[in-house]
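Novice: Provided herewith is a single structure, encoded as structure tokens, for subsequent inquiry.
The values are calculated or read from the model by the stated rules, or taken from the named source; none is laboratory data. Values in this document were obtained by computation on a predicted structure and should not be read as measured data. Ideal geometry is used to build each Cβ from the backbone, glycine not excepted, and the neighbour counts take in all protein chains shown. Keep in mind that these areas ignore ligands, DNA and RNA; they rest on the heavy atoms of the full protein, side chains included. Shrake-Rupley method; radii C 1.70, N 1.55, O 1.52, S 1.80 Å.
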Amino acid sequence: MLSPSPEKLPSAGLPPTLEPGTSPWRDAWHRLSRNRLAVFGGVILIVLTALCVAGPWFMGNDYQSQDLRLGAVPPNAAHWLGTDTLGRDLFSRLLYGGRISLLVGFIATVVALVIGVTYGAIAGFFGGKLDSVMMRIVDILYALPFTIFVILLMVFFGRNIWLLFFAIGAVEWLTMSRIVRGQIMSIKRMEYIEAARSLGFGRRRIIFRHMIPNILGPVIVYTTLTIPAVMLLEAFLSFLGLGVQPPMSSWGVLIKDGAEKMEEYPWLLIFPATLFSLTLFSLNFLGDGLRDALDVRSSKD
Amino acid sequence: MRRLLGFLSVLLCLSAFSGCGPRETAVARGDREQVLHRGMGPDLADLDPALATGTSDYTVLSALFEGLVAEDPKTLAPVPGVAESWEVSPDHLTYTFHLRANARWSNGEAVTARDFLASWRRVLTPALAADNASLLYIVQGAEAFHKGQSADFSQVGFSAPDDRTVRITLEHPAAYFLSLLQHWVWWPVHLPTLEKYGSAFERGNRWGRPETFVGNGPFTLKSWRSGQLLVAEKSATYWDAANVRLQAVHFYPIEDVGAEERAFRGGQLHLTEALPIAKIDAYRKDQPQLLRIDPYLGTYFYRINVTRPFLNERKVRRALALAVDRDNLVGRVLRGGQLPAYAFTPPGTGGYTPEARLGTDFAEARRLLAEAGYPGGKGAPVVELLLNTSENHRLIAEALQEMWRRELGLEVRLVNMEGKSALVARRMGEFQLMRSSWIGDYADPASFLSVWAGDSGNNYTGWSNPAYDQLLYQAARTEDPDARRQLFQKAEALLVDEAPFIPLYYYTHVFLIRPSVKGWYPTLLDHHPYKHVWLEAP
């Protein structure tokens, strides 16, 4: 999609033996699939997501049913990862919590990405007064204490888990917009942008087809950092009573609970924390790989 | 750069620790200097004895104020406080207190009979809306004055023949009156100070700050950073200062019981207010000398707001109360020697044990709910349960949430609130179910059952029943102990039948305490007069 269409390619003066062109996406995919760590990260993420989405349907244990008589027991045949103090199966809670955490991570990040990139790109591209106004708005939003902002949103729109996702996304885009703006400013005067301009392309086309693909590296890296941050944020909000409410679980909630009881019932911390770290590592590897793969400047190697 | 700084500071800390060996902890230093460090649970809501409602308020106020009578540290029997002696008339209706000449406020002025009268007048002023004002109803004419039926305070049975004599005339004889006087609502405040900072007879007076505070207790307010630390320092003007051994008490409002336990372990606290349930077994096994489980005259229950649709149906309320598996809750979840509660008054309170029972009966609960029109929970709205933030409260609530879901098919949503906001919600009636507890003010069933009187400032549920109020009225005026207990039995049976609350368990106080704290005796009301406490390094 991002490659210039064949008609627009200068056709004169090319040797007839030119190797067939490949799209940048295909190039990127090729480079990505050669990066073992990134592939490993991607596979882990896919497996985890599949487990969390489909797992709870196949489990014999329910995430909310309790067995007070049983209490907290270490991993055994009936409960693979043990149970918590109310006798709830940790494995089911982990999988169920994974749904919430992954959903929060992805939805909130996508929201942040869409708002942040668009906003930053517009501010950076147009510059001048519009840029100043837009960036001052970002500054003002930065100055708002984050928790108060989310609490306000939640009070305004009620307690709803989907709203929570959007509320988190709606406050996480600020840094993204600054990064994008800076990048856009730095490539604005480059020759290929000048070239696109002189070819008479519209602003929208220049921003979205020529500039944004060129700044994807930092954006993707930052995105992979946003996802874990958002997951942690959700845990924090849930603790304050604004996020996920019992009996639902999320990884953040499980880790928080586990950390309180780690001396008595270590498995309550070990398993959620392992899974969470694994997800974060995978995301980081995948992000690194994507950055390398998508870097258009290194594409003709 | 920031990361580098962080790294450097970590290095610095490490070298500091390795260089100097372990630092002296707050507790060790406290032991040396007689400074008690204690956790107090949620932050206190008010430094005003007339307006305070919670046990964490008592925890602090009992250091800062003293009433006419004080408490014996072991038995809590009434001992002379501001009053050095008193006489009771033969008909048990008139009490005459003689104030000591050397009782002083922390600003040096003498504590006089007028101070007491003015403070009580303040409590009874309708505009102040003091939650505990009904504790003064035992005094002749107090109820009429508080309800605005009479505007003449001289009609109320308080009088001050001279500056050092207080005379109280009761509406009816009450054997527990001297114990009742130990309640904080009877403690004096320094009215001239209050008037300096606003109206003394309205809420929102800002006199309770370290710069402006005046009290008459063994300690006085030194500093208060809300949510962090409140320091009470030994008062030089206290009449018995020579016998006060602690130099200061540091109160730490730590709502998170896990954090409190960590602070204790880290040597920051001498004693905690609570202990995470999950840690009880570990302490029992490894450090039993630090764990204390004291008897505690209190009931843990959920208030039901009976003005809300769905919850205004008696059958629904009973169904909720019947579908609670208290034995497992107490035995498996709490593990602190608590007793399952099937009524409101703890068994053995003043020789009274309630016969009425809201037992556990899932089948009956389901039947009642079906009768009310919600078979299997169909058509029932989502019920909200309001909790003040605490790991232990949440654990219990989650257990109940699941019991109600499994047994009744009801969906219950847990709503977390920080302590002060929860109190506001309670006052405004903005809750459906609310976690609550009631700690006896004195060891008598009246202290518990009067909570549910229609005019009680501690009711909050919107429930009232004239027959119930009538029974309490009769009981208060009955001298024969057996007949009185019978009346309480009837009242409790009525209360349990209407179920404006869900009893869960009778308290024990589970907390951690350093062996260096001396004079901290197990008492039924969990009162520990600080003037009798001292520290002794082992």
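Novice: Quick check: Cα centre of segment B:360-409 to Cα centre of segment B:220-241, how many Å?
Specialist: 45 Å
Novice: Moving on. Am I reading the B/A interface right? What is its buried accessible area, both sides, 1.4 Å probe, to the nearest 100 Å²? Mind dumping the intermediate values first?
Specialist: Working: alone 22340 and 16660 Å², together 36800 Å².
Summed over both sides, the interface buries about 2200 Å².
Novice: Sticking with this one: When the helix-only estimate is applied to chain B (DSSP H runs of n ≥ 4, each -39,500 (n - 2.57), divided by the residue count), what is the mean residue ellipticity at 222 nm, nearest 500 deg cm²/dmol? Walk me through the intermediate numbers first.
Specialist: Details: 16 runs with 164 residues, N = 538.
Counting only the DSSP helices, I get -9000 deg cm²/dmol.
Novice: Between B:A110 and B:V79, what is the label-to-label distance in nm when each label sits 7 Å out along the Cα-to-Cβ direction?
Specialist: So the two model labels end up 2.6 nm from each other.
Novice: With the alpha-carbon atoms as the only input, what is the per residue convex hull volume for chain A in Å³?
Specialist: Working: hull volume 50.1 nm³, N = 301.
Each residue corresponds to 166 Å³ of Cα convex hull volume.
Novice: Using a 1.4 angstrom probe on heavy atoms only, work out the carbon and sulfur share of the accessible area of segment B:116-180 in %. Can you show the working numbers first?
Specialist: Working: 1150 of 2420 Å².
C and S atoms contribute 47 percent here.
Novice: Taking B:K378 as the anchor, which aspartates and glutamates have their alpha carbon closer than 15 Å to its alpha carbon, excluding any fewer than eight residues away along the same chain?
Specialist: Hits, sequence-local ones excluded: B:E407, B:E411.
Novice: Work out the FRET efficiency for B:H92 and A:F281 from their Cβ-Cβ distance, taking R0 = 56 Å, and round it to the nearest 0.05. Mind showing how you got there, number by number?
Specialist: Numbers: r = 77 Å, r/R0 = 1.37.
Step by step, r from the Cβ atoms, then E = 0.15.
Novice: Subtracting the Cα-Cα distance from 0.36 nm times the residue separation, let me have the gained length for B:A144 to B:N243 in nm, one decimal. Don't skip to the answer; put the middle values down first.
Specialist: Working: separation 99, 0.36 × 99 = 35.64 nm, distance 4.15 nm.
Net length gain for the segment: 31.5 nm.
Novice: Follow-up. I'd like the GluC sites (Glu not before Pro) in segment B:191-265 restricted to DSSP loop residues with at most 16 other Cβ atoms within 10 Å, sorted by number. Don't jump to the answer; show the numbers that get you there.
Specialist: Details: sites: B:E195, B:E202, B:E211, B:E233, B:E255, B:E260, B:E261; in loops: B:E202, B:E211, B:E255.
For GluC sites (Glu not before Pro) across segment B:191-265 that sit outside H, G, I, E and B with at most 16 neighbouring Cβ atoms in 10 Å, the list reads B:E202, B:E211.
Novice: Can I ask one more? Could you please state how large a percent of the accessible area of segment B:263-320 is carbon and sulfur, counting protein chains only and using a 1.4 Å probe? Please report the intermediate quantities before stating the final value.
Specialist: On the way: 1010 of 2030 Å².
Answer for segment B:263-320: carbon and sulfur cover 50 percent of the accessible area.
Novice: List the residues whose amide H sits under 5 Å from the amide H of B:L386, counting only those 5 or more places along or on another chain, with H placed 1.01 Å from N in the peptide plane.
Specialist: Distant-sequence amide H within range of B:L386: B:V415, B:Q432, B:L433, B:M434, B:R435.
Novice: Separate question: Roughly how many nanometres apart are two label points built 7 Å out from the Cα toward the Cβ at A:L199 and B:E24?
Specialist: 7.7 nm
Novice: Treating only the Cβ of Lys, Arg, Asp and Glu as charged (+1, +1, -1, -1), what charge dipole size does segment B:308-446 show about its Cα centre? Round to the nearest 20 debye.
Specialist: Working: 20 positive and 17 negative charges, 56 e Å.
Value, rounded to 20: 280 debye.
Novice: Between beta-carbons, use under 13 Å as the cut-off and find the net charge around B:L322, counting Lys and Arg +1, Asp and Glu -1. Let's see the in-between values first.
Specialist: Numbers: positive: B:R314, B:K315, B:R317, B:R318, B:R326, B:R357, B:R366, B:R367; negative: B:D325, B:D361, B:E364, B:E371, B:E407, B:D497.
Result for the local shell: +2.
Novice: When 1/r is averaged over all different Cα pairs and the result inverted, which Kirkwood radius in Å belongs to segment A:40-182? Don't skip to the answer; put the middle values down first.
Specialist: Numbers: mean 1/r = 0.0554 Å⁻¹.
Taking every pair of different Cα atoms in segment A:40-182, averaging 1/r and inverting gives 18.1 Å.
Novice: Counting helices only, and only those DSSP H runs with n ≥ 4, report the 222 nm mean residue ellipticity of chain A as the sum of -39,500 (n - 2.57) divided by its residues, in deg cm²/dmol to the nearest 500.
Specialist: Details: 10 runs with 197 residues, N = 301.
Rounded to the nearest 500, it is -22500 deg cm²/dmol.
Novice: Buried by at least 20 Å² relative to the chain on its own: which residues of segment A:45-73 qualify, computing accessible area with a 1.4 Å probe on protein heavy atoms?
Specialist: A:Q64, A:Q66, A:L68, A:R69
Novice: Can you classify chain B as rounded, prolate or oblate using the Cα gyration tensor, where a ≥ b ≥ c are the square roots of its eigenvalues, rounded means a/c under 1.5, and otherwise it's prolate if a/b beats b/c and oblate if not? Don't skip to the answer; put the middle values down first.
Specialist: On the way: a/c = 1.73, a/b = 1.04, b/c = 1.66.
Because a/c hits 1.5 or more and a/b fails to exceed b/c, chain B counts as oblate.
Novice: Pick from A:D288, A:D84, A:D139 the residue whose mean-square fluctuation is largest in a GNM of chain A, springs joining Cα atoms under 10 Å.
Specialist: Looking only at A:D288, A:D84, A:D139, the biggest GNM fluctuation is shown by A:D139.
Novice: Quickly work out the A:I46-to-A:R189 label distance, labels modelled 7 Å from Cα along the C-beta direction, and quote it in nm with one decimal.
Specialist: Rounded to a tenth, the inter-label distance reads 4.5 nm.
Novice: Using r as the Cβ-Cβ distance of B:R367 and B:S226, and R0 as 56 Å, what FRET efficiency do you calculate, to the nearest 0.05?
Specialist: Numbers: r = 50 Å, r/R0 = 0.88.
For B:R367 and B:S226, the calculated efficiency is 0.70.
Novice: Near A:K129, which lysines are there with a Cα under 30 Å away, not counting those fewer than 8 places off in the same chain?
Specialist: A:K188
Novice: Moving on. Quick one: which residues, 5 or more positions from A:T83 or on another chain, have an amide H under 5 Å from its amide H? H modelled 1.01 Å from N in the peptide plane, none for Pro or chain starts.
Specialist: Under 5 Å from the amide H of A:T83: A:V73, A:L90.
Novice: With a probe of 1.4 Å, find how much accessible area the protein assembly as shown has per residue, and write the answer as a whole number in Å².
Specialist: On the way: 36800 Å² over 839 residues.
Roughly 44 Å² per residue, with all protein chains present.
Novice: While we're on this one: With contacts defined as alpha carbon pairs under 8 Å and 6 or more residues apart, what's the relative contact order of segment B:107-189 in percent?
Specialist: On the way: 91 pairs, mean separation 29.2, N = 83.
Contact order relative to length: 35 percent.
Novice: Okay, which of segment B:377-418 sit inside 14 Å, backbone N to the point 7 Å along the Cα-Cβ direction of A:E264?
Specialist: B:391-396
Novice: Calculate the translational D of the protein assembly as shown in whole µm² s⁻¹ from Stokes-Einstein, where the hydrodynamic radius comes from the Kirkwood formula applied to all Cα pairs, the temperature is 4 °C and the viscosity 1.567 mPa s. Display every interim value, and only then the final one.
Specialist: Working: Rh = 31.1 Å.
Rounded, D is 42 µm²/s.
Novice: Now for a separate question. Mind checking the dipole of the protein assembly as shown: about its Cα centre, +1 per Lys or Arg Cβ, -1 per Asp or Glu Cβ, Debye to the nearest 20? Mind showing how you got there, number by number?
Specialist: Working: 83 positive and 82 negative charges, 688 e Å.
For this selection, approximately 3300 debye.
Novice: Find the Rg to Rh ratio for segment B:230-301, where Rh is the Kirkwood radius over alpha-carbon pairs and Rg uses the same atoms.
Specialist: Across segment B:230-301, the Cα-based Rg/Rh ratio is 1.07.
Novice: Separate question: Rounded to the nearest 0.05, what FRET efficiency do B:K378 and B:L494 give with R0 = 41 Å and r taken as the Cβ-Cβ distance? Could you check? Write out the running numbers ahead of the final one.
Specialist: Numbers: r = 31 Å, r/R0 = 0.75.
Calculated transfer efficiency: 0.85.
Novice: Show B:S62, A:S132 ordered by accessible area, largest first, where the area counts protein heavy atoms only and the probe is 1.4 Å. Each step should come with its number before you reach the end.
Specialist: Numbers: B:S62 20, A:S132 55 Å².
From most exposed to least exposed: A:S132, B:S62.
Novice: Quick one: 3J(HN,Hα) in Hz for segment A:100-106, Karplus 6.51/-1.76/1.60 with θ = phi - 60°, rounded, Gly and Pro as x.
Specialist: 5, 5, 5, 4, 4, x, 6
Novice: Step through the residues of segment B:34-50 one at a time and calculate ³J(HN,Hα) from phi using the Karplus curve (6.51 cos²θ - 1.76 cosθ + 1.60, θ = phi - 60°), rounding each to whole Hz and writing x for Gly and Pro.
Specialist: For segment B:34-50, the Karplus curve yields 6, 10, 8, 9, 9, x, 10, x, x, 4, 6, 7, 8, 8, 10, x, 6 Hz.
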